[in-house]
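Q: Quick one: structure below, then a few questions.
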2 protein chains.
Amino acid sequence: MEQDVGVDLAAVARLLADGTRAAFCLALLDGRAWTAVELARHAGVAPSTATSHLNLLVAGGLLAEERHGRHRYLRLADRRVVELIESLAALAPQQPPRPRSLAASGRQRALARARLCYDHLAGSVALAVTDAMVERGLLAWGPQPALTGEGAAWLAELGITLPGGSRRPPVRACLDWTERRPHLAGAAGAALCTHALTAGWLTRVGTTRALTVTTTGRRALRDHLGLIVPA
Amino acid sequence: MEQDVGVDLAAVARLLADGTRAAFCLALLDGRAWTAVELARHAGVAPSTATSHLNLLVAGGLLAEERHGRHRYLRLADRRVVELIESLAALAPQQPPRPRSLAASGRQRALARARLCYDHLAGSVALAVTDAMVERGLLAWGPQPALTGEGAAWLAELGITLPGGSRRPPVRACLDWTERRPHLAGAAGAALCTHALTAGWLTRVGTTRALTVTTTGRRALRDHLGLIVPA
DNA sequence: GCGTTCCTTCGACGCCCGTCGAAGCGTCCG
DNA sequence: CGGACGCTTCGACGGGCGTCGAAGGAACGC
């Protein structure tokens, strides 16, 4: 009788009817792309378990994936998925007094602005730094991104030395999932990020990957890159 | 690890993750109140099975019940539930609405069938209206349905203003159970329906949800949408 | 009253599915 | 090259849940 229905809501609902898969989708509501292990750790399940869940979610059209190297990046496929999750949250029990919009929270704004992406900087601040370095001739940003001579001197001036003997490319383009634009990664990006943290330009927000730019950091960015970062 | 989530989407999603319960909700999407046995017969399950499902749905807040004598009437609890079902249907593996040609809409038989679905119009007339609005560029009907600029102007021309400050989306796709195709819902659908009733385009048939298109309404649909509705 | 209808409770059956660890493969780094 | 890491496949285990029929209570019509 019911195979004739034509639209099987149940198939879609079943994808979100599991606590682990729901945790994945809630985490992905921040708009970023997460790797499979990040999601697994966040939900507290084994990587193999995460794999099977992610396969289901991708096959069901709720998540979109992109493979980069050994990483599997996942994000919500569509705005319709966001609306579905919000519709579910609206009916979930014990929802907070104020039906907060899941899309806009202060934490997310902080994340969009500056955050750690593995070992380098991401977010709008990272994009601004990358743009400024290109503009000042420190970075050659093309199909084959590389550090210019001025760029190497600029790093040395800051006391940053790239580890030698590594096969890791000094400069790589990393795609920012919030801004959908590439920014500085690679050995130089990592070294710059490390320096920014040790020099107190940036501080981590709690245990998250969000970062804030300190007063020292704002002054340094202005002095070394001519970059004005609003407080 | 996942206890900090706060909202358990999974609990809500699980309610719709079963084919029988989903069939119940799809049937109830017509806005009427069904009895338990009607739903059981419709879904092809035993009455005892239906009882347990209905208990879950009522306890979960998706359905509201009303007992009259030996009958148990059930309806969707809330507009949020309608929106949740619509969100699920929007992601279900069903082909999106290919707008029919104006001529095909005009040729369609039994076009006069119209009824209320909550606060908006349903039935073949609603489908024809939706198709005509898409065809005339008033409605953008994609994965993310929305009113176009022309559509907003068209509504204003009719004297229809959408309530501001509401979190309700202006345009949503509502699945018509009998036609199995989505049609215009959301704030715009409700406002248009209200206007059609107050302007005398449509009249209710007795106390039911059925509607008839008046002569005034036929003229209005022809003038404003180029839609020919046979008497 | 009596039969019919609507709904419920209960117990039992069966299977779907979420979980893990072990093993393996490809990628990246030193 | 060799180690580390991210991800996948596979098999096995266990529990949750959807299903039914039988039996019974409650309401309605005759």
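No value in this document is a laboratory result; all are computed from the given coordinates. Source: prediction; values computed, not measured. All Cβ positions, glycine included, derive from the backbone under ideal geometry; neighbour counts span all protein chains shown.
Q: Which distances, shortest first and in nm, link B:THR35 to the matching position in the other copies, using label points set 7 Å out along Cα to C-beta?
A: 6.1
Q: Report, for B:THR194, each distance to the same residue's label point in the other copies, shortest first and in nm; define the point 7 Å along Cα→Cβ.
A: Inter-copy label distances (nm, one decimal, shortest first): 6.3.
Q: Assume the label is 7 Å from Cα along Cα to beta carbon: what separations in nm does B:THR51 have to the matching positions in the other copies?
A: Those separations, rounded to one decimal, come out as 4.6 nm.
Q: Do any GluC sites (Glu not before Pro) in region B:18-100 lie in a loop, going by DSSP, with at most 11 other beta-carbon atoms within 10 Å of their beta carbon, and if so which?
A: Taking region B:18-100 and a limit of 11 other Cβ atoms within 10 Å, no loop GluC sites (Glu not before Pro) are found.
Q: Enter the mean number of other protein chain beta carbons within 10 Å of the beta carbon of each residue in B:42-55, as an integer.
A: 1
Q: Can you give the alpha-carbon Rg of region A:9-103 over 2.2 N^0.38 Å, where N counts its residues?
A: Ratio of Rg to 2.2 N^0.38 Å for region A:9-103: 1.06.
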